[in-house]
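Structure record follows, encoded as structure tokens.
The values are calculated or read from the model by the stated rules, or taken from the named source; none is laboratory data. These figures come from a predicted structure and were not determined experimentally. Cβ atoms come from the backbone with ideal geometry, glycine included; neighbour counts cover every protein chain shown. These accessible areas exclude ligands, DNA and RNA; they are computed on the full protein's heavy atoms, side chains included. Shrake-Rupley method; radii C 1.70, N 1.55, O 1.52, S 1.80 Å.
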Amino acid sequence: MDEQTQTATSDRRNDAAAFFTEGAPIRDTKAPDVDIAQMWTQHKFANKLVNPANRRKLNVIIVGTGLAGASAAATMGEAGYNIKTFFYQDSARRAHSIAAQGGINAAKNYNDDGDSTYRLFYDTVKGGDYRSRETNVYRLAEVSTNIIDQCVAQGVPFAREYGGLLDNRSFGGVQVARTFYAAGQTGQQLLIGAYQAMERQVAKGTVKEYKRHEMLEVIIKDGRARGIVARDMVTGEIETHLADVVVLATGGYGNVFFLSTNAMGCNITAPWRAHRKGAYFGNPCYTQIHPTCIPVSGDHQSKLTLMSESLRNDGRIWVPKNEADCDKDPRDIPEDARDYYLERIYPAFGNLVPRDIASRQAKNMCDEGRGVGPLVDEVDEHGNKRQMRRGVYLDFTAAMERMGEAAVKEKYGNLFDMYARITGEDPYKTPMRIYPAVHYTMGGLWVDYDLQTSITGLYCTGEANFSDHGANRLGASSLMQCLADGYFVLPNTIRNYLADGPFEPITDDDPAVLEARRAVEDRIQKFLSINGERTVDSFHKELGRIMWEYCGMERTEEGLTKAIGLIRDLKKEFWSNVKVLGAADTLNQSLEKAGRVADFIELGELMCIDALHRRESCGGHFRAESQTEDGEALRHDDEFAYVAAWEYAGMNGDDSDGAPQHPVLHKEDLVYKFIELKQRSYK
């Protein structure tokens, strides 16, 4: 490295370091030091047991009842623990897991096409651009086969071949067919299975549900998580609930961008409240942009709609070769004037490249002026307004010629119907238009091999933790992780902790409980007392624009630095000018949103700091300063082969007028013993 390059690198390092301090390194000490194929078996055996009589004395709080939370509640309830579940929906069946469409991965090798536990493990680590902990990922691959058997036993109606065997299809980033599916409703069917299993325990009395309740604080006593403070969203009552252990299963934080494929209620509040109490937040900048979404149509939208990645199995993605053809009817563009760019650039994987690569290439095509669809207003990285076409074609013409329209309808009919209802266009006659949108978050609370956070007695499962997907999640792996954590991993690891319980009793008048409750009540009153001029939604939309422009599909040092300043200014205005209507002691959605957006603003700043400090491109984190000559992500393993685990350092003052102290970065080095680290290639 020459002197000029060394100086530039040093300057960049100093610029990023102005926003954080570096703390002591950390590591996961729970995974046994044995061959990876024996690790989980040995760990389960070494963990302590809790006899059935003692389980009845132990109390477990689970926040969230999507796939991860419902499966954990069902399994632990059946084991005999006393479970309390909390969810903000009116029914656990309305958790956002229900929206997942395409499928769930498992290494059963039904097609005899070379799949195995190791190959699923390898594909997942490679798909995450070598930024995930290999011990956790191997365990995920290992238990994946059990998930399918569990779900079939529950009656989940997976698609089947003519002979009655379970069918499989492929998803991005792999060259085998390992994805089990139920038409385009896999998440719905899996959630119904987990929900029914949980309701069985509700009927037996081992699980108690608290619907329309939102967790607003975690209670920490003597360094251990001992309960939560929740608000009854119907009556407004603030409640304290105590237990021996707390599990967070609250999903991801994609709604920090405002426009995403997530349900509008999805939020970061439960993990963020835990983060502020000492739980490390792992890799917050790792967000996933899904390539197969219905494009933005205007400022009126509050969310975006996902079209399943499974469509890429048979649909072909293309744009016109010539910019002059972009406003033509796609049926009038001849075959030789079409650029099937994924098939051209990545011939080995074609349209089945991983999501981050497919998303980035769609953006590149549109940036070149070859996007399709209506012109939409946007702002570039320098703040200049412009109009662009943000869409590419997903075309099933060849599939219908090969398979017949009836066969396409049988595989994808509900997805085609959904597209037609939303856009008013018939995808059987005209190619779909798709464009990337925020979808999934690989970051989340840092957990060890046992899924325990840095707070003793606080566990985190599913998308709410960081552990399995690195810098990019492969399609159909989210449902796999959620059910693996809930059915098979957490019940086997949490018992090692609960074997030492029941812990010393804690009461509602304990100082730690009163302090947590008072903090919630004071925060609510602060929201209601500001009486400013701007709605909560207006702040959320502005935060979303900042995040999308500067911490979205492409990030730069200049843009991220600017975003941090803009977010800090937005936070100051929020706490002085937000208007929250209504009262605290009643149903109040404006109040609910205010708490969630306040947490999103703080998270957004940490995401930008994390993205700024990581001066490399990997997976969904694409730094424009770090790319190969042909525009692919360029990692720097010598500097950044670690998990970034951030510790909250507090505020100089209170939330409303204080400036945040520098968050503390703890690095967990990623050591690969069973996979070779190399630059990712899908060509």
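Evaluating residue 144 against the criteria (1) of a type in the set (S, T, N, Q); (2) open to solvent by 10 Å² or more (accessible area, probe 1.4 Å); (3) under 24 Å from residue 494 (Cα atoms) leaves one unmet condition, (2). Would you confirm, using the coordinates I've provided, whether residue 99 is surrounded by fewer than 23 Cβ atoms within 10 Å (Cβ to Cβ) and of a type in the set (A, V, I, L, M, F, W, C)? For residue 99, the condition - surrounded by fewer than 23 Cβ atoms within 10 Å (Cβ to Cβ) and of a type in the set (A, V, I, L, M, F, W, C) - is met.
Which of the residues belonging to the stretch 492-542 are among the basic types (Lys, Arg) and open to solvent by less than 60 Å² (accessible area, probe 1.4 Å)?
Here is the first cut: in the stretch 492-542, the ones among the basic types (Lys, Arg) are 495, 517-518, 523, 526, 534, 541.
Within the stretch 492-542, 495, 523, 534 qualify.
Tallying residues that are in a helix (DSSP H, G or I) and out of contact with any strand residue (DSSP E or B) (no Cβ under 9 Å at 6 or more places or on another chain) within the stretch 573-588 yields 2.
What residue, among those in the stretch 397-411 that are surrounded by 16 or more Cβ atoms within 10 Å (Cβ to Cβ) and out of contact with any Pro (no Cβ under 9 Å at 6 or more places or on another chain), is modelled with the lowest pLDDT? In this case the residue turns out to be 411.
Is there a residue being open to solvent by 10 Å² or more (accessible area, probe 1.4 Å) and over 18 Å from residue 76 (Cα atoms) anywhere in the stretch 195-202? No - not one qualifying residue is present in the stretch 195-202. Every condition in (1) among the hydrophobic types (A, V, I, L, M, F, W, C); (2) modelled with pLDDT of 95 or more; (3) open to solvent by 10 Å² or more (accessible area, probe 1.4 Å) holds for residue 551 except the one numbered (3).
Which numbered condition in (1) part of a helix (DSSP H, G or I); (2) in contact with a Cys (Cβ under 8 Å, 6 or more places away or on another chain); (3) surrounded by fewer than 24 Cβ atoms within 10 Å (Cβ to Cβ) is the only one that residue 149 fails? So residue 149 meets the others, but not (2). Could you tell me whether residue 253 is more than 30 Å from residue 290 (Cβ to Cβ), of a type outside the set (Gly, Ala, Ser) and either open to solvent by less than 30 Å² (accessible area, probe 1.4 Å) or modelled with pLDDT of 95 or more (or both)? Considered against the rule, which asks whether it is more than 30 Å from residue 290 (Cβ to Cβ), of a type outside the set (Gly, Ala, Ser) and either open to solvent by less than 30 Å² (accessible area, probe 1.4 Å) or modelled with pLDDT of 95 or more (or both), residue 253 comes out as no. Looking at the structure I just gave you, is residue 443 of a type outside the set (Phe, Trp, Tyr) and either at positive phi or open to solvent by 40 Å² or more (accessible area, probe 1.4 Å) (or both)? Criteria not met by residue 443. For first residues located in the stretch 491-520 and under 16 Å from residue 220 (Cα atoms), partners that are assigned to a helix (DSSP H, G or I) and lie 6+ apart or on another chain with Cβ distances below 7 Å form the pairs 506/513.
Consider the stretch 306-353 and keep the residues that are of a type in the set (Asp, Glu) and not in a helix (DSSP H, G or I). The one that is most open to solvent (accessible area, probe 1.4 Å) is 327.
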